[in-house]
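A short write-up of the structure that comes next.
The values are calculated or read from the model by the stated rules, or taken from the named source; none is laboratory data. Only a predicted model underlies this, so the values are computations on that prediction, with no experimental measurement involved. Here Cβ is always computed from backbone atoms with ideal geometry, including for glycine, and neighbour counts include all displayed protein chains.
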Amino acid sequence: MNRHMIAATLSITLALPIAVDAAEQYPSRPVRLVVPYAPGGGSDTTARMLGQKLGERLGQAFVIDTRPGAASLIGTEIVAKAAGDGYTLILADVPHAINAVMFPKPPYDPIKDFAPIMRIATTPQVLAAHPSFKANTLKELIAMPRAQTEKLALGTSGQGGSPHMTYELLRIKTGLVLNHVPYKGGGPAISDLVANQIPLALNGSPPIVPHIKAGRIKGLAMSGATRHPLLPGVPTFIESGIPDFAVAHWYGVLASGGTSPAIVKVLHQEIARALEQADVKERFASLALDIAPLGPAEFGKLIEADVKRWKEVVAKSGIKLN
(Lines give C-alpha, C1' and ligand atoms only; values in the text may rest on other atoms or scores of the structure.)
Protein backbone atom coordinates (compact mmCIF):
# COMPACT_ATOMS: atom_id res chain seq x y z
CA MET A 1 0.00 0.00 0.00
CA ASN A 2 1.55 3.33 -1.05
CA ARG A 3 1.61 6.41 1.13
CA HIS A 4 -1.30 8.05 -0.74
CA MET A 5 -3.56 5.06 -0.11
CA ILE A 6 -2.46 4.95 3.54
CA ALA A 7 -3.25 8.65 3.94
CA ALA A 8 -6.66 8.26 2.31
CA THR A 9 -7.54 5.26 4.47
CA LEU A 10 -6.39 7.06 7.60
CA SER A 11 -8.47 10.16 6.79
CA ILE A 12 -11.61 8.06 6.25
CA THR A 13 -11.00 6.13 9.46
CA LEU A 14 -10.53 9.32 11.46
CA ALA A 15 -13.64 10.88 9.92
CA LEU A 16 -15.97 8.01 10.90
CA PRO A 17 -16.06 8.77 14.64
CA ILE A 18 -16.73 12.43 13.86
CA ALA A 19 -19.73 11.51 11.65
CA VAL A 20 -21.11 9.10 14.25
CA ASP A 21 -20.62 11.67 17.01
CA ALA A 22 -22.43 14.32 14.94
CA ALA A 23 -25.39 11.97 14.47
CA GLU A 24 -25.49 11.17 18.20
CA GLN A 25 -25.64 14.87 19.04
CA TYR A 26 -28.08 15.70 16.22
CA PRO A 27 -29.95 17.96 16.40
CA SER A 28 -28.15 20.33 18.73
CA ARG A 29 -29.95 23.43 17.40
CA PRO A 30 -33.19 24.25 15.52
CA VAL A 31 -33.72 22.62 12.12
CA ARG A 32 -35.18 24.53 9.17
CA LEU A 33 -37.82 22.68 7.13
CA VAL A 34 -38.38 24.60 3.90
CA VAL A 35 -41.77 24.47 2.18
CA PRO A 36 -41.43 25.85 -1.38
CA TYR A 37 -45.08 26.90 -1.52
CA ALA A 38 -47.35 29.49 0.09
CA PRO A 39 -48.66 28.95 3.64
CA GLY A 40 -51.95 27.13 4.06
CA GLY A 41 -51.57 24.57 1.28
CA GLY A 42 -51.21 20.80 1.53
CA SER A 43 -47.42 20.94 1.68
CA ASP A 44 -47.46 23.53 4.46
CA THR A 45 -50.01 21.57 6.50
CA THR A 46 -48.04 18.35 6.10
CA ALA A 47 -44.75 20.02 7.01
CA ARG A 48 -46.16 21.60 10.17
CA MET A 49 -47.51 18.29 11.43
CA LEU A 50 -44.23 16.52 10.73
CA GLY A 51 -42.21 19.37 12.21
CA GLN A 52 -44.22 19.25 15.43
CA LYS A 53 -43.73 15.49 15.79
CA LEU A 54 -40.01 15.62 15.00
CA GLY A 55 -39.52 18.47 17.44
CA GLU A 56 -41.24 16.52 20.20
CA ARG A 57 -39.10 13.44 19.56
CA LEU A 58 -35.74 15.10 18.99
CA GLY A 59 -35.95 17.95 21.45
CA GLN A 60 -35.28 20.79 19.01
CA ALA A 61 -37.60 23.08 17.08
CA PHE A 62 -38.26 22.23 13.43
CA VAL A 63 -38.95 25.68 12.03
CA ILE A 64 -41.24 25.78 8.98
CA ASP A 65 -39.87 28.23 6.41
CA THR A 66 -42.32 28.86 3.56
CA ARG A 67 -40.52 30.12 0.46
CA PRO A 68 -43.04 30.17 -2.42
CA GLY A 69 -42.40 31.26 -5.97
CA ALA A 70 -41.13 30.24 -9.41
CA ALA A 71 -42.87 26.85 -9.41
CA SER A 72 -41.10 25.89 -6.14
CA LEU A 73 -37.64 26.76 -7.54
CA ILE A 74 -36.94 29.48 -4.95
CA GLY A 75 -37.34 27.29 -1.88
CA THR A 76 -35.69 24.29 -3.51
CA GLU A 77 -32.61 26.28 -4.49
CA ILE A 78 -32.20 27.45 -0.89
CA VAL A 79 -31.91 23.86 0.29
CA ALA A 80 -29.70 22.81 -2.63
CA LYS A 81 -27.15 25.47 -1.70
CA ALA A 82 -27.30 25.00 2.07
CA ALA A 83 -24.64 23.19 4.08
CA GLY A 84 -25.01 19.42 4.12
CA ASP A 85 -25.28 19.17 7.88
CA GLY A 86 -28.89 18.06 8.35
CA TYR A 87 -30.10 21.45 9.54
CA THR A 88 -31.79 22.45 6.28
CA LEU A 89 -34.51 20.15 4.95
CA ILE A 90 -37.25 20.46 2.35
CA LEU A 91 -40.73 19.03 2.04
CA ALA A 92 -40.64 18.36 -1.70
CA ASP A 93 -43.17 17.03 -4.17
CA VAL A 94 -43.28 16.02 -7.85
CA PRO A 95 -42.19 19.44 -9.26
CA HIS A 96 -38.83 18.75 -7.60
CA ALA A 97 -38.20 16.41 -10.55
CA ILE A 98 -40.31 18.24 -13.16
CA ASN A 99 -38.48 21.56 -12.82
CA ALA A 100 -35.18 19.91 -13.64
CA VAL A 101 -36.44 19.12 -17.14
CA MET A 102 -38.82 22.04 -17.70
CA PHE A 103 -36.29 24.83 -17.19
CA PRO A 104 -33.35 25.14 -19.63
CA LYS A 105 -30.94 25.97 -16.80
CA PRO A 106 -32.40 24.81 -13.48
CA PRO A 107 -30.57 26.21 -10.43
CA TYR A 108 -30.18 22.78 -8.86
CA ASP A 109 -29.69 19.11 -9.68
CA PRO A 110 -32.64 17.18 -8.20
CA ILE A 111 -30.44 14.17 -7.46
CA LYS A 112 -26.86 15.33 -6.81
CA ASP A 113 -27.76 18.37 -4.69
CA PHE A 114 -29.97 16.50 -2.22
CA ALA A 115 -29.94 13.60 0.21
CA PRO A 116 -33.27 11.74 0.08
CA ILE A 117 -34.65 10.89 3.51
CA MET A 118 -38.16 9.55 2.98
CA ARG A 119 -41.19 9.66 0.73
CA ILE A 120 -44.03 10.11 3.16
CA ALA A 121 -47.27 10.12 1.17
CA THR A 122 -48.93 10.02 -2.23
CA THR A 123 -52.22 11.24 -3.65
CA PRO A 124 -53.78 10.69 -7.08
CA GLN A 125 -54.61 13.41 -9.57
CA VAL A 126 -58.33 13.78 -10.27
CA LEU A 127 -59.89 14.99 -13.52
CA ALA A 128 -63.08 16.74 -12.46
CA ALA A 129 -65.91 18.54 -14.25
CA HIS A 130 -68.76 20.85 -13.38
CA PRO A 131 -72.01 18.88 -12.82
CA SER A 132 -73.53 20.51 -15.91
CA PHE A 133 -70.77 19.18 -18.17
CA LYS A 134 -72.07 16.72 -20.76
CA ALA A 135 -69.50 13.95 -20.28
CA ASN A 136 -69.64 11.90 -17.08
CA THR A 137 -66.49 9.86 -17.63
CA LEU A 138 -63.07 10.26 -19.22
CA LYS A 139 -64.13 7.76 -21.90
CA GLU A 140 -67.01 10.01 -22.90
CA LEU A 141 -64.73 13.06 -22.94
CA ILE A 142 -62.19 11.32 -25.20
CA ALA A 143 -65.01 10.30 -27.54
CA MET A 144 -66.04 13.93 -28.11
CA PRO A 145 -64.92 15.52 -31.43
CA ARG A 146 -61.62 17.38 -31.25
CA ALA A 147 -63.30 20.51 -32.60
CA GLN A 148 -65.25 20.57 -29.33
CA THR A 149 -62.61 19.42 -26.84
CA GLU A 150 -59.89 21.83 -27.95
CA LYS A 151 -62.17 24.70 -26.90
CA LEU A 152 -62.82 23.25 -23.43
CA ALA A 153 -60.84 25.01 -20.69
CA LEU A 154 -58.89 22.69 -18.39
CA GLY A 155 -57.72 24.45 -15.23
CA THR A 156 -54.55 23.29 -13.47
CA SER A 157 -52.38 24.58 -10.63
CA GLY A 158 -49.93 26.18 -13.06
CA GLN A 159 -47.72 25.66 -16.06
CA GLY A 160 -45.18 22.92 -15.46
CA GLY A 161 -46.92 21.68 -12.32
CA SER A 162 -47.82 18.07 -11.66
CA PRO A 163 -51.44 18.38 -12.94
CA HIS A 164 -50.25 20.11 -16.12
CA MET A 165 -47.70 17.36 -16.77
CA THR A 166 -50.32 14.71 -16.08
CA TYR A 167 -52.54 16.34 -18.72
CA GLU A 168 -49.65 16.39 -21.20
CA LEU A 169 -49.07 12.69 -20.60
CA LEU A 170 -52.80 12.09 -21.13
CA ARG A 171 -52.68 14.07 -24.38
CA ILE A 172 -49.72 12.04 -25.62
CA LYS A 173 -51.37 8.72 -24.80
CA THR A 174 -54.89 9.48 -26.07
CA GLY A 175 -54.70 12.43 -28.45
CA LEU A 176 -57.17 14.33 -26.27
CA VAL A 177 -56.57 18.05 -26.81
CA LEU A 178 -58.01 20.54 -24.33
CA ASN A 179 -57.46 24.26 -23.79
CA HIS A 180 -54.98 24.23 -20.90
CA VAL A 181 -55.49 27.18 -18.53
CA PRO A 182 -52.73 27.48 -15.90
CA TYR A 183 -53.80 29.09 -12.62
CA LYS A 184 -51.66 30.35 -9.75
CA GLY A 185 -52.42 27.30 -7.66
CA GLY A 186 -54.93 24.48 -7.59
CA GLY A 187 -57.31 26.29 -5.25
CA PRO A 188 -58.26 29.07 -7.70
CA ALA A 189 -58.76 26.51 -10.48
CA ILE A 190 -61.10 24.43 -8.35
CA SER A 191 -63.00 27.56 -7.25
CA ASP A 192 -63.60 28.51 -10.88
CA LEU A 193 -64.71 24.95 -11.64
CA VAL A 194 -67.24 25.02 -8.79
CA ALA A 195 -68.48 28.40 -10.05
CA ASN A 196 -68.80 26.96 -13.59
CA GLN A 197 -66.30 29.48 -14.96
CA ILE A 198 -64.42 26.54 -16.49
CA PRO A 199 -65.82 23.10 -17.36
CA LEU A 200 -62.80 20.97 -16.36
CA ALA A 201 -59.94 20.90 -13.86
CA LEU A 202 -57.14 18.50 -13.03
CA ASN A 203 -55.58 18.57 -9.59
CA GLY A 204 -54.42 16.50 -6.65
CA SER A 205 -57.15 14.90 -4.54
CA PRO A 206 -57.05 16.99 -1.32
CA PRO A 207 -58.91 20.12 -2.54
CA ILE A 208 -61.18 18.14 -4.88
CA VAL A 209 -62.56 15.40 -2.63
CA PRO A 210 -64.81 17.66 -0.46
CA HIS A 211 -66.41 19.25 -3.53
CA ILE A 212 -67.13 15.90 -5.18
CA LYS A 213 -68.66 14.54 -1.98
CA ALA A 214 -70.83 17.66 -1.72
CA GLY A 215 -71.97 17.31 -5.35
CA ARG A 216 -70.51 20.65 -6.40
CA ILE A 217 -68.31 18.95 -9.04
CA LYS A 218 -68.04 15.43 -10.44
CA GLY A 219 -65.03 13.18 -10.92
CA LEU A 220 -64.40 11.81 -14.41
CA ALA A 221 -61.27 9.81 -13.65
CA MET A 222 -58.28 9.60 -11.30
CA SER A 223 -54.64 8.80 -11.97
CA GLY A 224 -54.02 6.24 -9.22
CA ALA A 225 -53.31 2.59 -9.93
CA THR A 226 -56.55 1.69 -8.11
CA ARG A 227 -59.67 3.58 -7.06
CA HIS A 228 -59.33 5.74 -3.98
CA PRO A 229 -61.41 4.77 -0.91
CA LEU A 230 -62.60 8.37 -0.53
CA LEU A 231 -63.84 8.41 -4.13
CA PRO A 232 -64.97 4.84 -4.84
CA GLY A 233 -67.25 5.96 -7.68
CA VAL A 234 -64.49 7.61 -9.70
CA PRO A 235 -62.75 5.20 -12.12
CA THR A 236 -59.02 5.22 -12.75
CA PHE A 237 -57.39 6.31 -15.98
CA ILE A 238 -56.46 2.66 -16.49
CA GLU A 239 -60.11 1.60 -16.13
CA SER A 240 -60.92 4.34 -18.64
CA GLY A 241 -58.98 2.46 -21.30
CA ILE A 242 -55.50 3.98 -20.92
CA PRO A 243 -52.99 1.20 -20.12
CA ASP A 244 -50.08 1.83 -17.74
CA PHE A 245 -51.39 5.26 -16.75
CA ALA A 246 -50.71 5.53 -13.03
CA VAL A 247 -49.38 8.90 -11.84
CA ALA A 248 -49.12 9.51 -8.11
CA HIS A 249 -48.34 12.94 -6.72
CA TRP A 250 -45.82 12.29 -3.94
CA TYR A 251 -44.56 14.24 -0.96
CA GLY A 252 -41.19 13.58 0.66
CA VAL A 253 -38.43 14.99 2.83
CA LEU A 254 -34.91 15.63 1.57
CA ALA A 255 -31.83 17.19 3.12
CA SER A 256 -29.13 19.24 1.45
CA GLY A 257 -26.59 17.20 -0.50
CA GLY A 258 -23.66 15.91 1.53
CA THR A 259 -25.68 15.26 4.68
CA SER A 260 -24.14 12.25 6.42
CA PRO A 261 -25.91 8.86 6.14
CA ALA A 262 -25.95 8.71 9.93
CA ILE A 263 -28.05 11.89 10.21
CA VAL A 264 -30.26 10.77 7.31
CA LYS A 265 -30.87 7.55 9.24
CA VAL A 266 -31.89 9.48 12.38
CA LEU A 267 -34.38 11.59 10.42
CA HIS A 268 -35.73 8.62 8.50
CA GLN A 269 -36.37 6.66 11.69
CA GLU A 270 -38.11 9.57 13.42
CA ILE A 271 -40.31 10.41 10.41
CA ALA A 272 -41.30 6.75 10.18
CA ARG A 273 -42.29 6.81 13.87
CA ALA A 274 -44.32 10.00 13.32
CA LEU A 275 -46.24 8.41 10.45
CA GLU A 276 -47.27 5.55 12.75
CA GLN A 277 -49.03 7.85 15.21
CA ALA A 278 -52.81 7.73 15.16
CA ASP A 279 -53.39 11.49 14.93
CA VAL A 280 -51.01 11.75 11.96
CA LYS A 281 -52.76 8.88 10.17
CA GLU A 282 -56.14 10.49 10.81
CA ARG A 283 -55.01 13.89 9.59
CA PHE A 284 -53.42 12.50 6.44
CA ALA A 285 -56.55 10.46 5.67
CA SER A 286 -58.72 13.56 6.02
CA LEU A 287 -56.52 15.29 3.43
CA ALA A 288 -56.75 12.34 0.99
CA LEU A 289 -53.03 11.73 1.49
CA ASP A 290 -52.07 8.06 1.51
CA ILE A 291 -49.11 7.32 3.79
CA ALA A 292 -46.61 5.55 1.53
CA PRO A 293 -43.13 5.51 3.10
CA LEU A 294 -40.04 4.85 1.02
CA GLY A 295 -36.54 4.75 2.49
CA PRO A 296 -33.63 6.90 1.30
CA ALA A 297 -32.40 4.54 -1.43
CA GLU A 298 -35.86 3.76 -2.81
CA PHE A 299 -36.90 7.40 -2.66
CA GLY A 300 -33.77 8.38 -4.56
CA LYS A 301 -34.60 5.85 -7.28
CA LEU A 302 -38.14 7.23 -7.50
CA ILE A 303 -36.81 10.74 -8.10
CA GLU A 304 -34.46 9.43 -10.81
CA ALA A 305 -37.36 7.59 -12.48
CA ASP A 306 -39.53 10.73 -12.31
CA VAL A 307 -36.85 12.87 -13.94
CA LYS A 308 -36.62 10.33 -16.76
CA ARG A 309 -40.41 10.09 -17.18
CA TRP A 310 -41.04 13.84 -17.29
CA LYS A 311 -38.06 14.45 -19.54
CA GLU A 312 -39.67 12.14 -22.09
CA VAL A 313 -43.04 13.88 -21.71
CA VAL A 314 -41.48 17.31 -22.23
CA ALA A 315 -39.60 16.08 -25.31
CA LYS A 316 -42.69 14.49 -26.88
CA SER A 317 -45.10 17.30 -26.06
CA GLY A 318 -42.79 20.18 -26.92
CA ILE A 319 -44.14 22.25 -24.02
CA LYS A 320 -42.18 25.25 -22.82
CA LEU A 321 -42.60 27.53 -19.84
CA ASN A 322 -43.79 31.02 -20.77
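In the stretch 201-224, what residues are more than 18 Å from Ala285 (Cα to Cα) and either in contact with a His (Cβ under 6 Å, 6 or more places away or on another chain) or aliphatic (A, V, I, L, M) (or both)?
If the condition is that a residue be more than 18 Å from Ala285 (Cα to Cα) and either in contact with a His (Cβ under 6 Å, 6 or more places away or on another chain) or aliphatic (A, V, I, L, M) (or both), then Ala201, Leu202, Ile217, Leu220, Ala221 are the ones that fit.
In the stretch 1-101, which helices (runs of 4 or more DSSP H) lie fully inside it and hold 3 or more residues that are modelled with pLDDT under 90?
Numbers: elements: 3-25, 42-58, 73-80.
Qualifying helices (runs of 4 or more DSSP H): 3-25, 42-58.
Those residues that are surrounded by fewer than 21 Cβ atoms within 10 Å (Cβ to Cβ) and touching a helix residue (DSSP H, G or I) at 6+ places or on another chain (Cβ under 9 Å), I need them from the stretch 180-190; list them, please.
So in the stretch 180-190, the residues surrounded by fewer than 21 Cβ atoms within 10 Å (Cβ to Cβ) come out as 180-182, 184-185, 187-188.
Once the filter is applied, which keeps residues that are surrounded by fewer than 21 Cβ atoms within 10 Å (Cβ to Cβ) and touching a helix residue (DSSP H, G or I) at 6+ places or on another chain (Cβ under 9 Å), the stretch 180-190 yields His180, Val181, Pro182, Gly187.
Restricting attention to the stretch 143-167, which residues are part of a helix (DSSP H, G or I), surrounded by 12 or more Cβ atoms within 10 Å (Cβ to Cβ) and of a type in the set (Gly, Ala, Ser)?
Of everything in the stretch 143-167, just one residue is part of a helix (DSSP H, G or I), surrounded by 12 or more Cβ atoms within 10 Å (Cβ to Cβ) and of a type in the set (Gly, Ala, Ser), namely Ser162.
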